[in-house]
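> Below is the structure I would like to discuss, written out as structure tokens.
None of the figures in this text is laboratory data; all of them are computed from the coordinates on show. Every value quoted in this text rests on a predicted model; they were computed, and no experiment measured them. When we count neighbours, we look across all protein chains shown, and the Cβ atoms used for this are built from the backbone with ideal geometry, even at glycine.
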Amino acid sequence: MTTHSFSCPSCGAPVIPKGRATTVSCPYCRASVVVPEELRQVSKGAAQSTFVFDSFASNENNWLVGNHADKYFAKMNQTIADGRYRWEAQVSIASTITTSWLMGYPVSDFHLMVNCKHLKGSETGSSCGVVFRIQDNRNFYWFRITDSRQFAVSVDLDGKWQQLVDWTRTNTLKPYGFNRVEVKANETHFTFLINGQIVSEVDDDQFSQGLVGVAIEAYSPGEETTFDFMDFILRAS
């Protein structure tokens, strides 16, 4: 299924049409914008059903929120308000990942999308993205991006990382802008997209189904970093 979006005429954020709706609210500036006719027609033919569309107006899906500082992050504050799932962190240990899962929706074949924006921190000091086919804290896939226009894909197997796609540069990324991260899973085949463009495809058979969620990873001890996640969408057969 092809993903379609358009830019908000007020602030430039990516806006994803909702079904056959003729107007939608921008997830960032809240402006009411008209959905182009051709995108309404595309949305009618979607092959998968939308299981979850979370605009983060509230925490109805029970995402992890609150203060969760530990030995890995000296600060980790997660809040949901005004259409944003905000993560404010300070790194203690290099190359540390922290995740938040969407509970109750184990899926096999799926299409996962989320908008994210880096608000604070260096271009190379941290990354954000999606985790999927989650089994537990030590077994899942991880697709992430940085503001240095790099992306990578890994799998965590019993706490040991294997790189499926090495760090790769792509001009599809917008440093410190809104970036839409997507994964399409069809059995053992995964397609990875950034801002609607395919950046990589891989095959891997470690996990056949699992939960999905969002995550950040931090690389520089002492650095403070902040990310917003917006408009989390899960579609599945």
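> Hey, got the dipole for segment 47-102? About the Cα centre, +1 on K and R Cβ, -1 on D and E Cβ, debye to the nearest 20? Walk me through the numbers on the way to the answer.
On the way: 4 positive and 5 negative charges, 38 e Å.
It comes to approximately 180 debye.
> Whole-Hz Karplus ³J(HN,Hα) for segment 188-202, in order, using 6.51 cos²θ - 1.76 cosθ + 1.60 and θ = phi - 60°, x for Gly and Pro?
Karplus values, whole Hz, x for Gly and Pro: 8, 9, 10, 10, 10, 10, 10, 6, x, 10, 5, 10, 6, 9, 9.
> Expressed as a rounded percentage, what relative contact order does the chain have, with Cα pairs under 8 Å and six or more residues apart?
26 percent
> Mind sorting Thr146, Thr79 by how few other Cβ atoms lie within 10 Å of their own Cβ, fewest first?
Numbers: Thr146 24, Thr79 16.
Ranking Thr146, Thr79 by Cβ neighbours within 10 Å, fewest first, gives Thr79, Thr146.
> Next up: I need to check one value: relative contact order of segment 134-237, counting alpha carbon pairs closer than 8 Å and at least 6 residues apart, in percent.
18 percent
> Scan the chain and hand back the longest stretch that contains none of the trypsin sites (Lys or Arg not before Pro) lying in DSSP loops with at most 15 other Cβ atoms within 10 Å. All intermediate terms of the calculation are to be shown ahead of the outcome.
Numbers: sites that count: Arg20, Arg30, Lys71, Arg138.
Longest run free of exposed loop sites: 139-237.
> Who wins for biggest fluctuation among Ala74, Ala185, Ala215 in a Gaussian network model of the chain, springs between alpha carbons below 10 Å?
Between Ala74, Ala185, Ala215, it is Ala74 that shows the largest mean-square fluctuation.
> To make sure I understand, if each residue's beta carbon is the centre and we count other beta carbons within 10 Å, what order do Val24, Val131 fall in, fewest to most?
Lowest to highest Cβ neighbour count: Val24, Val131.
> Treating cross-link reach as a plain straight distance, find the aspartates and glutamates whose alpha-carbon is under 18 Å from the alpha-carbon of Lys71, omitting any fewer than eight places away in the same chain.
Here the aspartates and glutamates satisfying the reach criterion relative to Lys71 are Glu88, Glu217, Glu223, Glu224.
> Note down the magnitude of the dipole of the chain about its Cα centre, charges +1 on Lys and Arg C-beta and -1 on Asp and Glu C-beta and zero elsewhere, to the nearest 20 debye.
600 debye
> Counting helices only, and only those DSSP H runs with n ≥ 4, report the 222 nm mean residue ellipticity of the chain as the sum of -39,500 (n - 2.57) divided by its residues, in deg cm²/dmol to the nearest 500.
-1000 deg cm²/dmol
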